[in-house]
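Written out below as structure tokens is the structure these notes cover.
The values are calculated or read from the model by the stated rules, or taken from the named source; none is laboratory data. From a predicted model like this one, the values you see are computed outputs, not experimental measurements. When we count neighbours, we look across all protein chains shown, and the Cβ atoms used for this are built from the backbone with ideal geometry, even at glycine. We work out accessible area using only protein heavy atoms, side chains counted, and drop any ligands, DNA or RNA first. Shrake-Rupley method; radii C 1.70, N 1.55, O 1.52, S 1.80 Å.
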Amino acid sequence: MFRTFLTMLGVIFAMLILMLLLGSANGMSNGFNKIFAGTASNSLFVWSQSTSEPYKGFERGRKINFRLEDADILKKQIPEIDVLAPRIELGSHNGIVTVYRNGRKSGSSVYGDYPDIDEITKKQLVKGRFINSNDIAANKKICVIGEETFKLLFDKNEEAIGQDIRINGIFFTVVGIFKPSKNINIDGENAVFIPFTTFQKAYGSGDRMGWMAISVKEGKQVAEVEQKIKKLLKVKYDISPKDERAIGSFDMSEIFNNISAFTVVLKAFSFFIGIFTLLAGVIAISNILLITVKERTKEIGVRRALGATPKVVKRQIVLEAIVLTSFAGLIGFAISVGILGVLDVMFGSGDEFPFANPMVSIPQFLISFILMVGLSVLIGLIPANRAIRIKPIDALREE
């Protein structure tokens, strides 16, 4: 009995290691998803820079300035674009940014935006609302501020919604407070958002556009859309097709794809290592059954003499292998669930480390369990075949 228990420990630890590896890999995958939550995985950012090559009579170093009409042109000519949000930043427009209230300054970044930006980089609102279409149509002097901006301009328990702040001498009413993402934070922790149309009138930016935040339709390649955008803009602004510096871009999908590929490889590697560990545990079961067959030689001989067929004897040995392996595997699985639960409590709630809900999925468990049982059947055939080779007369002569 004790020997059987020790043999089962091999399968228990093998199943435990397999489930912990798979669960940890899932936890890392979920953790990365949590980090990027609120940012479109198929997003792209495009901005203007200076030319690096002369073209059509223009010298190199020419500054390119995007116009608001570019957004309409791109949306019409590139059907793969799902959302395109024009953006402009106050500092990039006139170089001076002063956000203050009652003698207190925040040093905030100020962005002119359309409501569509919230579909690409989601804002976690703490109070109030975000910019809407009515604000754009009516050129309303409203703003949405970050929690860091609130702390710098308001007292701790002060109500900010409905209060005014001054941005470069112009009053804006606070309608929302957002909580910046601690993970992927494109706009910074200390930011103020105002309607794009209000920005145009208040600060005289005309039809100038700083950059574009773009999301691509599902199933479409972001890199291909990026090239189409650059090609159209290069033609419009007389930029050399070979100029790689005039238009800057950042493909967010590359990060998502790289992380996705990493987690897939990690899961495959975990399963590969776990299966070989499980195989070692099942082989231990086979070894103990070989010893058991030898010890039960007389019993097998008696059964054969009483009419038991080789098929019946083989089935009994294989069933013993399945029962021992399955029972040990379930124990290992139960222990692993408990350990993964503890790991989730310890690391799953933080934002510093990509780890969340490190549990094994039902398909993963079923595949592992079926594979384990399948291995036990194959390994169990070794002692089973040895048992049926025992001749009844020789077995009865065993002392």
Completion exercise
Whole-number value, in Å³ per residue, for the convex hull of the alpha carbons of segment 43-154 is 159 Å³
Completion exercise
Order by accessible surface, 1.4 Å probe, largest leading, for residues 117, 17, 367, 275 comes to 367, 17, 275, 117
Problem - Selection of trypsin sites (Lys or Arg not before Pro), segment 47-115, meeting DSSP coil and at most 14 other Cβ within 10 Å - result: 56, 60
Handout entry: Candidate lysines - alpha carbon under 26 Å from residue 314, same-chain residues fewer than 8 apart omitted
Key = 294, 298, 391
Exercise for the section: Could you tell me the largest-minus-smallest coordinate of the C-alpha atoms of segment 243-286 on each of the three principal axes, in descending order and whole angstroms? Expected result: 68, 14, 6
Practice task
Give 201/231; 63/151; 123/242; 122/228; 75/201; 179/228 a once-over and call out the pairs whose C-alpha atoms are over 29 Å from each other.
Solution key: 201/231; 63/151; 123/242; 179/228
Problem - Cα Rg, Dmax (largest Cα-Cα span) when computed across segment 98-162, Å - result: 12.7, 35
Practice task
Within segment 56-138, report the GluC sites (Glu not before Pro) that DSSP leaves as loop and that have at most 11 other Cβ atoms within 10 Å.
Solution key: 59
Practice task
Under a cut-off of 15 Å between alpha-carbon atoms, report the aspartates and glutamates in cross-link reach of residue 140, not counting same-chain residues fewer than 8 places apart.
Solution key: 113, 164
Problem - Accessible area of residue 171 in the full protein assembly, 1.4 Å probe (Å², nearest 10) - result: 110 Å²
Handout entry: Cleavage-rule hits (trypsin sites (Lys or Arg not before Pro)) in segment 183-243: DSSP loop, at most 11 neighbouring Cβ within 10 angstrom
Key = 242
